[in-house]
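Input: a single structure, listed below in structure tokens.
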Amino acid sequence: MTAPAPAESPDEQIARLTADTRRLRQEVLTSRAASARALSRATRLAQLVAAIGQLTDQQDIFDRAATEVAEQYGADIAVFMVPTGVGELEVATHWGIAPKHLPAAIGELPAAVQRLTPALPVVAGPVAEVEAPDWLRVSRPRHVAWGRLTARDEQLGYLLLVRREDQEFEPTDVQELSIVVGRVAMALDTGRLYSRTQEQLRRLQRLHDMTTVLAGTLDLDRVVTSIAKTMVNEVPVSGAAVYLAASARDGLELVGRAGDAGDVPETINPGAVETRPDAEVLLLGTGGPALGALLVTGGPRPGSEANAFLHHLADLGSLVIEKSLLFQRVRNQAEYDTLTGLPNRALLTERLGQALTRAEPAGSEIAVIFVDLDGFKAVNDTYGHEAGDQLLIAVAGRLTGALRPPDTVARLGGDEFVVLCEQLPGPEAATALAHRIRSEMLPPIKLGEVAVTASGSLGVALATTSGYDAAALLREADAAMYVDKQRRRSM
């Protein structure tokens with residue numbers, strides 16, 4: 001039989017109870033301290049996560065996270081790295097290490113880091129187990145922790161923490177770092193979405209502003225130049241060239257360019273475009289045959305938001321060009337003779353008024369010469385109206401060839417033409433021009449198998465004698481023409 005334990009003396013009982021009390025009190029204090037540390041750590045972690053979540057700029061997120069994470073986890077160095085798009089990484093931000101020790105590019109990562117997944121995004125341990133990069137050797141790392149930043153299955157970068165002292169990253173550190181890198185990745189993804197949304201809003205506003213400006217522009221030259229410049233400034237592309245079908249018989253002809261588009265071809269065939277390898281051609285039109293084409297160099301990659309914006313601008317350009325071409329056709333019909341292509345009476349009257357307004361203050365000389373063909377009716381009656389039209393077209397060409405650059409020749413209708421002569425040195429210059437016109441008209445004109453003479457009667461009137469009055473100037477020239485016609489008939 002086992003002998004019973006000797007009974008404790010009162011003093012021994014008191015000593016044992018005192019020791020138990022002290023032990024329990026110490027355990028309570030230790031538990032409270034651990035709870036306080038855990039609560040403080042959890043609070044700071046929540047504050048860190050909340051602070052990062054309020055940021056939208058990528059650089060701000062990295063800068064804030066690097067400082068906070070290094071302090072939170074007792075790291076001497078914190079580095080965030082992001083992909084460059086060419087299979088390498090570059091440093092996005094750093095804390096605790098001098099820039100001179102950072103590499104320009106980071107190539108292959110340690111094997112343990114390459115095995116990280118969205119489900120297990122953090123690995124930590126001594127450098128003997130988890131390799132540190134060679135460029136960190138100068139910092140003498142003892143323990144490192146790597147975190148992979150992933151959002152929606154897209155790798156956004158890596159976090160690297162370094163401790164120089166022999167203090168391991170505890171399992172709770174790894175668990176919390178998993179939360180942190182996940183929240184940083186989420187903040188980066190949210191920031192990208194926010195930036196894209198803001199950029200889309202800015203582009204929509206710019207598109208609206210450009211639409212407003214271009215919608216009010218009717219001059220075709222200004223329109224094509226504005227479209228090319230807009231492509232370079234807003235998409236952006238390195239160069240842009242606009243081609244139109246209306247000005248070329250075969251293919252499309254270059255009518256405007258901007259940026260690095262100096263060596264683009266003068267004409268292109270929309271059915272078989274042969275351009276530089278980096279060029280993209282977008283046909284311009286709103287249905288039916290193409291109005292033209294937009295050639296861009298150094299454009300955005302297909303499928304990107306910038307490429308979609310490029311196509312939006314091309315559609316806008318199509319609408320504006322179509323409107324300008326329609327306005328140009330309407331204006332040509334209103335201001336030009338459809339047979340000869342010469343200015344008509346309305347455009348002549350406008351130019352004459354502008355010329356007199358410029359000339360009168362200085363007392364400059366302006367002349368108007370009426371030209372009326374002799375025997376035009378006989379040509380129509382003998383050879384037909386088609387021959388008469390050919391005669392009028394030929395005479396228009398000869399009159400145009402006899403004029404100086406500032407002069408204008410217009411067809412009033414039938415066989416009547418008017419020449420407006422500006423910047424004349426004196427009355428004798430108008431007379432000399434009338435003689436030159438008469439000489440240019442004398443050689444026979446071939447009309448198919450026959451040749452006819454396009455002689456005409458001329459009347460000259462001067463602004464200095466008509467008081468710079470447009471109506472008076474035209475009446476005097478008309479009257480002088482009839483005097484010349486009567487004189488020629490009596491010869």
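Of the numbered conditions (1) of a type in the set (A, V, I, L, M); (2) open to solvent by 20 Å² or more (accessible area, probe 1.4 Å); (3) closer than 24 Å to ARG489 by Cβ; (4) assigned to a helix (DSSP H, G or I), VAL379 satisfies every one except a single condition; which is it?
Looking at each condition in turn, VAL379 falls short on (2).
Within the stretch 92-200, considering only strands (runs of 3 or more DSSP E) that don't extend past its boundaries, which have at least 3 residues that are among the small types (Gly, Ala, Ser) and modelled with pLDDT of 90 or more?
Correct list: 143-151.
Any residue in the stretch 400-410 that is in contact (Cβ under 8 Å) with a residue 40 or more places away in the chain, among the β-branched types (Val, Ile, Thr), open to solvent by less than 60 Å² (accessible area, probe 1.4 Å) and not in a strand (DSSP E or B)?
no
Taking LEU193 as the residue in question, decide whether it is within 41 Å of the chain's Cα centre (by Cα) and buried (at least 20 other Cβ atoms within 10 Å of the Cβ). Break it down stepwise before answering.
Values: within 41 Å of the chain's Cα centre (by Cα): yes; buried (at least 20 other Cβ atoms within 10 Å of the Cβ): no.
It is false that LEU193 is within 41 Å of the chain's Cα centre (by Cα) and buried (at least 20 other Cβ atoms within 10 Å of the Cβ).
Being touching a helix residue (DSSP H, G or I) at 6+ places or on another chain (Cβ under 6 Å), outside any loop (DSSP other than H, G, I, E, B), closer than 30 Å to GLU266 by Cβ and modelled with pLDDT of 85 or more, is that true of even one residue in the stretch 204-224?
Looking through the stretch 204-224, at least one residue is touching a helix residue (DSSP H, G or I) at 6+ places or on another chain (Cβ under 6 Å), outside any loop (DSSP other than H, G, I, E, B), closer than 30 Å to GLU266 by Cβ and modelled with pLDDT of 85 or more.
Return yes when ALA334 is of a type in the set (A, V, I, L, M) and surrounded by fewer than 16 Cβ atoms within 10 Å (Cβ to Cβ) and no when it is not.
So ALA334 fits the description; yes.
Looking only at the stretch 454-468, count how many residues are open to solvent by 20 Å² or more (accessible area, probe 1.4 Å) and touching a residue at least 60 places away in the same chain (Cβ under 8 Å).
5
Which one of the conditions (1) in contact with an Asp or Glu (Cβ under 7 Å, 6 or more places away or on another chain); (2) open to solvent by 40 Å² or more (accessible area, probe 1.4 Å) does HIS101 fail to meet, given that it meets all the rest?
(1)
For the structure I just gave you, tell me whether GLY414 is closer than 14 Å to ASP374 by Cα, under 54 Å from the mean Cα position of the chain (by Cα) and open to solvent by 30 Å² or more (accessible area, probe 1.4 Å).
It is true that GLY414 is closer than 14 Å to ASP374 by Cα, under 54 Å from the mean Cα position of the chain (by Cα) and open to solvent by 30 Å² or more (accessible area, probe 1.4 Å).
Please enumerate the residues belonging to the stretch 425-472 that are modelled with pLDDT of 90 or more, under 18 Å from THR400 (Cα atoms) and in a strand (DSSP E or B).
Selection gives SER457, LEU458, GLY459, VAL460.
Determine whether ARG137 is in contact with a Pro (Cβ under 7 Å, 6 or more places away or on another chain), open to solvent by 90 Å² or more (accessible area, probe 1.4 Å) and basic (Lys, Arg).
So ARG137 does not fit the description; no.
Taking the stretch 262-280 on its own, how many of its residues are within 22 Å of VAL320 (Cα to Cα), surrounded by 17 or more Cβ atoms within 10 Å (Cβ to Cβ) and at pLDDT 65 or above?
2
The values are calculated or read from the model by the stated rules, or taken from the named source; none is laboratory data. What you see is a predicted model; the values in this text were computed from it and never measured. FYI the Cβ positions are ideal-geometry reconstructions off the backbone, even for glycines, and counts take in every protein chain you see. Ligands, DNA and RNA are excluded from the accessible area calculation, which covers all protein heavy atoms including side chains. Shrake-Rupley method; radii C 1.70, N 1.55, O 1.52, S 1.80 Å.
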